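Shown next, in structure tokens, is the structure this report addresses.
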Amino acid sequence: MAKDRLAEVLERYEAVIGLEIHTEITATNTKMFCGCPVAFGGEPNTRVCPVCLGLPGALPVPNQAAIEWTVLAGLATDCDIALWSQFHRKQYFYPDMPKDYQISQYDLPFCSGGLLEVEVDGDGVAQRVDLGGGVAAVGPEAVADDGGYRTTIGITRIHLEEDTGKMVHVGGSEGRIAGATHSLVDFNRAGTPLMELVSEPDIRTPEEARRFAQKLRSIWLALGVSDCSMEEGSMRVDGNVSIRRRGESELGTKSEVKNMNSFKSLHDALAYEIVRQADLLDAGDRVVQETRHWDAGAKRTSALRSKEEAHDYRYFPEPDMVPFSFDPEWIDSLAERLPELPDARRARYMTELSLRKHDAGLLSADFAQACFFEEAVAIAGAARAKPVANWMLGDLAALLNAEGIELPESRVSPAMLAELVGLVEDGMISGKQAKEVFGDMAASGDAPGAIVEARGMRQVSDTEAIESVVRGVLEANPVEVASYRAGKTGLIGFFVGAVMREMRGQGNPKVINEVLTRMLSG
Amino acid sequence: MSTIDLSALTAREVRRGIASGDFSAREVAESAYARIEALDGEVHAFLQLTPELAFAAADRVDRARAAGEELPPLAGVPAGIKDNMNLIGTRTTCASRILGNYESVYDCTAVSRLLEAGALPIGKCNMDEFAFGSSTENSAYGPTRNPWDLERVPGGSSGGSAACVAAGMASISLGSDTGGSIRQPGALTGTVGLKPTYGRVSRYGVVAFGSSLDQIGPFGKTVDDVALALEAISGADVMDATSSVEPVDPYSEALGRGAQGLRVGIVSDMLAMEGCGEEIRRVVNSSAETFAALGAEVGEVELPSAQHGLAAYYIIGPAEASSNLARFDGIRYGRRVPDADDVLDLYMRSRAEGFGPETIRRIMLGTYALSAGYYDAYYGQAQKARTRIIQDFRAAFERFDVLLTPSTPEVAFRFGEKSDPYTMYLNDYYTIPVNLAGNCAVSVPSGLCTTAGMPMGLQIIGDYFAESTLLRAAAAFEEATHFEPVPPLVRALTGTEGGE
Ligand SMILES: [Zn+2]
């Protein structure tokens, strides 16, 4: 679907989007209501016990740590923490639910009424035609030196519940239920603590939705509450989307989109859904309230089940547990445990380390990256934070991307990167050499200093040595020297290249430049 | 082998007999099985006998004695276990077809505590399916008969647990009480049946009926035996978040202190209930006189909200039950139709074929009560009534230490006599408010009625975690009445056998 199709639709229609984000609390060692370990995968039905299998007579015992993590998550997103809270049973039959009810929360969630501020950069502004396509008309929501804007999304609630097991459909295509001959259930995941965050329908564009989810993920990672793997399903985003004609206040019929396994899918699925709904309305049809499945391969959504026959979950207070009464002092003590969150971190990178906002934002958003960065800066020195950031967001990011690995899995350590930056900043090697050294150290895991020694790469910065080479080059190219002196100063690059070649790349480009400029003008 | 007449011995005496070498634990187990052999064909107290477990436990006791070790408090005491409690090595069927072949894979906390105290697990006791009923007529495997009159019900739902103690097939047993399921069969079989305070005994491993109402409790021939068993099974359990950390008193030590100075309140408005038999009412009044004669201060008290107990209970109980029984879906265990078209068909037919009519009735009642649009009118109202009942009890216990009511409005009825569910439900009129409030209560035999010759029960109700006071009052009453009920069936048997 073409991007301009979405833009065209959004000129006429306003999208109203709310997200439901499920995050498994992977920080706890054990499941929500039993002692089974929390982990991903494994032989089916090996991390189970009478409680998480729903055997007759087994009882749930709440995991205190999971409750603390949920409260922390609420505190990190400006939520109010309930002083009185409770679990409810949400009842429906499904084979992946051991008890045929899910222990969840209903009218008394642990956290409610939060806020998340989201920034959309210049590229995303186009989806907000109401903002006039640019910053000029953005009003109070606006930032932004990069042409983007800032908007605040409400968080309705964050509650805690238990995850279900997993169905494996056998005999059909791609594990889908259609055409399957039979189904198997794996209860390893059943009972994993699951936080459900529900946003207010404050989101207006697919880009804002993506930013919201990304921002939330960066906060969860900073807290350490979850590994937030969208691929492995420890963070799952569902979207409710409806559209209405611009200027109308009544909400349209919504559809719920599931199976968006990446931020890109989230964006694309919502964009698809907005256009699909607009096509229906334009044709005089109506939108049916239903759950739709995003197929990232086919780039389309398809109806999963109709909500017309709405579920009655028959919620009632979970009688196997007493309600929770929280002491405000306990909540305060948890608040003190809150680590530095991405926004604060970004501000610190900008003020203390003089990073550009864009770089500071990228580094602070990813917790592992921020830790790596700060460790490297601690070694290299704050004055060299910028080149450290450049390396990380440039060559290192490209390398990780090419190898398809995460930062912690890389051979490059913060200490190695700091050392490399030092070698460049101290003029020991050129930037070009540094790139070679980087490639070498990323492949071998050797320290950059050792690589420089072994390759005999030490850069020549000695002015006299460079002057003698420059003299030779100028003598060998009298025509170019004359042209330069006649005003074709662009030839400087030619001379630099010639000198570098003479020095087999080991000359300090900065010194070469200085010497050349001086001798050519003299 | 000399057969020991378990009807003639208390649990305490059984242990003492083993400790002093009068007989072995193995002989006790053999005697229990001999009595079962003789009578259970007619009584049908047991759904499953577990001689391997019982004899293994007996041999451990006998070896411990031979080694000169201190014997645990229930060493060698034969015990029946209601079939809704898990015990590895047994089936736990809840007297339902849907769990007909269900083998326990873990132990119920109360059961393992009872066995750690040295008790011998004789077998799993019959019950109303999933504990829904007051007669054991709802067992999918046929009813239990009252040892006092085989034409009559033993009460329920813990009918098998009551009957096996009444018939001397076991010295003690465990039942579960959600609305009277220990106290009512206790009253109807002339045994002592205790429902502890909610949270006193872990519920881990007892198949849930009404999670906010269920408690496991003991049956015994005497208050002392019940106190011994309660000591063994009580206490906090990390596997049950509703179990209490309240310390476990040495309950049996509180006995024998009489009733001097106890403040005893007759619940006068409940006693005036229309369906209550005249003789039963008289016995409660004479029980009060007994307490007065023992030096208790006797007065009257009203529990005005208790009249709403039955209505509230038949919302809250089924609501929780409908949820708790959802897991019996044929997916992971239990009965599953072999030829389901799809998962919905599998659910519907496995459940329709696996559950009996009363179970289906309760599930439907509860599902309805929790449905959107009805929740406030039913479940919400019932919770309000429950709060009022709690307040009534709280007020009553400011004035009194224990309260008196009949355990049941009438003595054991004949099979099939209560054909409509509501009349059956009325049998729990006196016991239900206690489950709603969560405090403790015991049914103590108070004599035989003159017309039918069937046992009657006095319900004594105690405050939260006041089991010591409750049992002290019960023991004082028991001692004063000198009533030691032995069913004619047993008298005939021991008479012909010439047993002691
Ligand atoms: Zn488990």
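Read-outs throughout are calculated quantities, based only on the coordinates presented, and are distinct from any laboratory measurement. Given the structure is predicted, the values throughout are model-derived calculations rather than measurements. Neighbour counts run over all protein chains shown; Cβ positions are idealised from the backbone, glycine included.
Tabulated values for the structure
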{"quantity": "Net charge, B:Asp269 excluded, C-beta distance under 13 Å - Lys, Arg +1, Asp, Glu -1", "calculated": "-3"}
{"quantity": "Charge tally in the Cβ shell below 11 Å around A:Val225, where Lys, Arg are +1 and Asp, Glu are -1, A:Val225 excluded", "calculated": "-2"}
{"quantity": "Mean Cα-pair separation over length for chain A, i.e. relative contact order, pairs under 8 Å, 6 or more apart, %", "calculated": "14 percent"}
{"quantity": "Under 11 Å, Cβ to Cβ, from A:Glu340 - net charge with Lys/Arg +1 and Asp/Glu -1", "calculated": "+1"}
{"quantity": "Between region B:413-462 and region A:18-83, the alpha-carbon center distance in angstrom", "calculated": "43 Å"}
{"quantity": "Alpha-carbon centroid distance for the pair region A:233-301 / region A:428-463, whole angstrom", "calculated": "52 Å"}
{"quantity": "Degrees between helix A:3-12 axis and first principal axis of chain A (Cα, 0 to 90, nearest 10)", "calculated": "60 degrees"}
{"quantity": "Relative contact order for region A:418-505, counting Cα pairs under 8 Å that sit 6 or more residues apart, in percent", "calculated": "23 percent"}
{"quantity": "Burial order of peptide ranges B:340-351, B:163-174 (average beta-carbon count within 10 Å, highest first)", "calculated": "B:163-174, B:340-351"}
{"quantity": "Residue among B:Ser112, B:Leu150, B:Val43 farthest towards the positive dipole end of region B:33-186, charges placed on Cβ", "calculated": "B:Ser112"}
{"quantity": "Volume of the Cα convex hull of the protein assembly as shown, divided per residue and given in Å³", "calculated": "224 Å³"}
{"quantity": "Average beta-carbon neighbours from other chains, 10 Å sphere, peptide B:104-110", "calculated": "3"}
{"quantity": "Distance between region B:343-388 and region B:136-210 - C-alpha centres, whole angstrom", "calculated": "24 Å"}
{"quantity": "For region B:252-266, Karplus couplings with θ = phi - 60° (6.51, -1.76, 1.60), whole Hz, Gly/Pro x", "calculated": "5, 6, 6, 6, x, 8, x, 10, 3, x, 5, 9, 10, x, 7"}
{"quantity": "Tensor-based shape of region A:165-248 (alpha-carbon gyration tensor, a/c under 1.5 rounded, otherwise prolate or oblate)", "calculated": "oblate"}
{"quantity": "Dipole-positive endmost among A:Ala7, B:Ala340, A:Val241 within the protein assembly as shown (Cβ charges, Cα centre)", "calculated": "A:Ala7"}
{"quantity": "Protection proxy ranking, peptides B:175-186, B:302-313, average beta carbon neighbours within 10 Å, highest first", "calculated": "B:175-186, B:302-313"}
{"quantity": "Descending principal axes extents, region A:258-340, alpha-carbon based, whole Å", "calculated": "57, 39, 23"}
{"quantity": "Derived scalar couplings ³J(HN,Hα) [region B:468-480; Karplus, 6.51 cos²θ - 1.76 cosθ + 1.60; whole Hz; x for Gly, Pro]", "calculated": "4, 5, 4, 6, 4, 5, 4, 5, 5, 5, 4, 5, 5"}
{"quantity": "Acute angle (nearest 10 degrees) that the helix A:414-425 long axis makes with the longest principal axis of chain A, alpha-carbon atoms", "calculated": "30 degrees"}
{"quantity": "FRET E, pair A:Tyr94, A:Ser249, Förster distance 30 Å, beta-carbon r, rounded to 0.05", "calculated": "0.20"}
{"quantity": "In sequence order, calculated HN-Hα J values of region A:352-359 (Karplus, 6.51, -1.76, 1.60; Hz; x Gly/Pro)", "calculated": "8, 10, 6, 7, 5, 4, 4, 5"}
{"quantity": "Isotropic mean projected area of the C-alpha convex hull, region A:463-521 (nm²)", "calculated": "3.4 nm²"}
{"quantity": "Interchain or long-range residues, amide H under 5 Å from B:Thr50's placed H", "calculated": "B:Gly123, B:Lys124"}
{"quantity": "Two-site label geometry, B:Glu278 and A:Lys386: point separation in nm, points 7 Å out along Cα→Cβ", "calculated": "10.7 nm"}
{"quantity": "Peptide ranges B:416-424, A:375-383, B:235-243, B:220-228 listed from the most packed, as the mean C-beta count within 10 angstrom indicates", "calculated": "B:220-228, B:235-243, A:375-383, B:416-424"}
{"quantity": "Quotient of Cα Rg and 2.2 N^0.38 Å for region A:342-454, N being how many residues it contains", "calculated": "1.01"}
{"quantity": "Per-residue average of Cβ from other chains inside 10 Å of A:313-323", "calculated": "6"}
{"quantity": "Dipole in debye (nearest 20) - the protein assembly as shown, about Cα centre, beta carbon charges: Lys, Arg +1; Asp, Glu -1", "calculated": "1420 debye"}
{"quantity": "Loop-located GluC sites (Glu not before Pro) in region A:245-279, at most 16 other Cβ atoms within 10 Å (DSSP)", "calculated": "A:Glu248, A:Glu250"}
